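A short write-up of the structure that comes next.
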Amino acid sequence: MTSSATQVEAKTTPADERVRALAEAEWVWRKNEFGNAISWIDDDVADRLPAVSPAAQQARAEHWHALRDELDAIARDELS
């Protein structure tokens, strides 16, 4: 590990970790939600296409609104 990488790790704040956790959880959710639509990014290929019903779209909107609220709750001045 280089000294610059060590310096970056040393400066990581709890807010940074919260953003990282949210991003990682969002990625898992998207892979489960959209299946083949994002399979070009990695080797996990789902056996279905994403649902496009009004209910599915409403559920996605609610998910993303909740994610936005969680991100908004993180104080920007606490990020590195």
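All of the numbers you see were taken from the coordinates with simple rules; none came from a lab. In this text the structure is predicted, and so the values were computed from the model without any measurement. Neighbour counts are summed over all protein chains in view; Cβ atoms, including those assigned to glycine, are modelled from backbone coordinates with ideal geometry.
General observations
- Distance in nm between pseudo-label sites at residue 58 and residue 70 (7 Å out along the Cβ direction from Cα): 2.3
- A simple spin-label model places the labels of residue 51 and residue 28 2.0 nm from each other, with each point 7 Å out along Cα-to-Cβ.
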